[in-house]
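S.K.: I'd like to ask you about the structure that follows.
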Amino acid sequence: HCFKQINLSKMAAEGRTVAPPVRKVIIHPVVLFNIVDSFERRNDNCKRVIGTLMGRYDKGVIYVTESFAVPHQETDEEVSMGMDYAMRISEMQKKVNTNMYTVGWYSSGIQINDYSSLIHSFYKVQFPSPVHLTLDTALKEQKMKINTHITLPIGVKNGTEGCIFTPVPHEIKGSEADQVCLKFFQGLKGTRKTPNFNDPEQIVHSCDDMMAQINVILGYVKQVSAGEIPMDKEVGRQLMEVVQSIPNLESDTITNMLNSHMQDLLAVEYLTYLTRQQLAIGARINQIL
């Protein structure tokens, strides 16, 4: 890897845009898995791992959806990191997803030192308001503590300037498909059996969970209607949004839609089987010839 020492004064001399405000950071669970995996695979002489966070920014919220480790060397006197490597991997990620770009960086451990501001300056060139995510992989508080920070400028104008790391709220949020997978793997805790992901069985479990949640909501609505508990306007608005999001369709229409979808799935499976058989036949013919 090509290592370059971070030069803060050089970066400060480069032009920068106005930093947009950051009110919240939403982190995808895969990002945390990547950080832990990088920490477990680190070299023996590395005390921590450093990497790039990628995602997007929208209306004051940073969505972190991807991450990758960046090689670095850190001593008591200086810190160096593979900036060329980070830039190259970022460009490759952008080719895969054009809506994704660098939004910050991460480091294992919860400590923020003098080197953190230097590394942050490098990422500030790529994104005006980068977020710094720290993950306590040592479990010092008996849990994997997560912190997210942004920097605010301090100092005297036309004089000595610096920055201070300020905490910003964060939330770990995944898609519905991710939650189904996580629940499935949580159910395997304590067992060494090979997991068997049965689609119909997972659909049944998902329907059972949905029915249980509906029963909880119905119980809450009945208690509010009977005056047993006070009403909550925010909960009422959320329930109204859920009800309005459900399409107003007849049961026969829904049944026809499901049957049509099932027929499409069966057709795709049949075509996949035919393609697989044709490839196998072609391979055997080539062996004979």
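The values are calculated or read from the model by the stated rules, or taken from the named source; none is laboratory data. Please read all numbers here as calculations on a predicted model, not as lab measurements. Every residue, glycine as well, gets a Cβ built from its backbone with ideal geometry; the counts of neighbours run over all protein chains shown. We work out accessible area using only protein heavy atoms, side chains counted, and drop any ligands, DNA or RNA first. Shrake-Rupley method; radii C 1.70, N 1.55, O 1.52, S 1.80 Å.
S.K.: Asn7 is checked against (1) surrounded by fewer than 12 Cβ atoms within 10 Å (Cβ to Cβ); (2) at pLDDT below 50 and fails just one. What number does that condition carry?
M.R.: With respect to (1) surrounded by fewer than 12 Cβ atoms within 10 Å (Cβ to Cβ); (2) at pLDDT below 50, Asn7 is out only on (1).
S.K.: Also: If I ask for residues that are open to solvent by less than 70 Å² (accessible area, probe 1.4 Å) and either more than 16 Å from the chain's Cα centre (by Cα) or closer than 14 Å to His72 by Cβ (or both), which ones from the stretch 95-109 would you list?
M.R.: Trp105, Tyr106, Ser107, Ser108, Gly109
S.K.: Give me the pairs: first residue in the stretch 213-225 and under 13 Å from Val235 (Cβ atoms) and modelled with pLDDT of 90 or more, second residue among the β-branched types (Val, Ile, Thr) and open to solvent by less than 80 Å² (accessible area, probe 1.4 Å), beta-carbon distance under 7 Å, and six or more apart or on different chains, which are they?
M.R.: As it stands, the answer is Gln223/Ile229, since those pairs meet every condition given.
S.K.: What residue, of Ile89, Ile146, Ile154, Ile112, is surrounded by fewer than 20 Cβ atoms within 10 Å (Cβ to Cβ), in contact with a strand residue (DSSP E or B) (Cβ under 6 Å, 6 or more places away or on another chain) and at pLDDT below 80?
M.R.: On the way: Ile89 fails: at pLDDT below 80; Ile146 fails: at pLDDT below 80; Ile112 fails: at pLDDT below 80.
From the options Ile89, Ile146, Ile154, Ile112, the qualifying one is Ile154.
S.K.: Let me ask another. Any residue in the stretch 249-258 that is under 19 Å from Glu176 (Cβ atoms) and not polar (S, T, N, Q)? So that I can check it myself, show each step before the final result.
M.R.: Kept after step one, since they are under 19 Å from Glu176 (Cβ atoms), are these residues of the stretch 249-258: 258.
Filter once more, so that each one left must be not polar (S, T, N, Q): 258.
Yes - at least one qualifying residue is present in the stretch 249-258.
S.K.: Identify the single condition in (1) within 23 Å of Ile150 (Cβ to Cβ); (2) assigned to a strand (DSSP E or B) that Asn99 does not satisfy, given that it satisfies every other one.
M.R.: (2)
S.K.: Step by step: first the residues of the stretch 39-86, then only those that are free of Cβ contacts under 8 Å to residues at least 60 places away in the same chain and assigned to a helix (DSSP H, G or I), then the one that is surrounded by the fewest Cβ atoms within 10 Å (Cβ to Cβ). Which residue is that?
M.R.: For the stretch 39-86, the residue satisfying everything is Glu40.
S.K.: Just checking, does the stretch 21-38 include any residue being among the hydroxyl-bearing types (Ser, Thr, Tyr) and modelled with pLDDT under 90? Show your work before the answer.
M.R.: Taking the stretch 21-38 as the starting set, the residues that turn out to be among the hydroxyl-bearing types (Ser, Thr, Tyr) are 38.
Next, from what is left, pick out any that are modelled with pLDDT under 90: 38.
Yes, the stretch 21-38 has at least one match.
S.K.: Being open to solvent by 80 Å² or more (accessible area, probe 1.4 Å), modelled with pLDDT under 85 and either over 31 Å from the mean Cα position of the chain (by Cα) or charged (D, E, K, R) (or both) narrows it down to one of Met262, Met231, so name that one.
M.R.: Values: Met231 fails: modelled with pLDDT under 85.
None of the other options fit; the residue is Met262.
S.K.: Among the residues of the stretch 115-132, write down those that are among the β-branched types (Val, Ile, Thr) and either within 19 Å of the chain's Cα centre (by Cα) or surrounded by fewer than 18 Cβ atoms within 10 Å (Cβ to Cβ) (or both). Before the answer, list the steps.
M.R.: In the first step, residues of the stretch 115-132 are kept if they are among the β-branched types (Val, Ile, Thr); the result is 119, 125, 131.
Within the stretch 115-132, Val125, Val131 meet the criteria.
S.K.: Of all the residues that make up the stretch 162-194, how many are modelled with pLDDT under 75 and open to solvent by 70 Å² or more (accessible area, probe 1.4 Å)?
M.R.: Going through the stretch 162-194 one residue at a time, the tally reaches 10.
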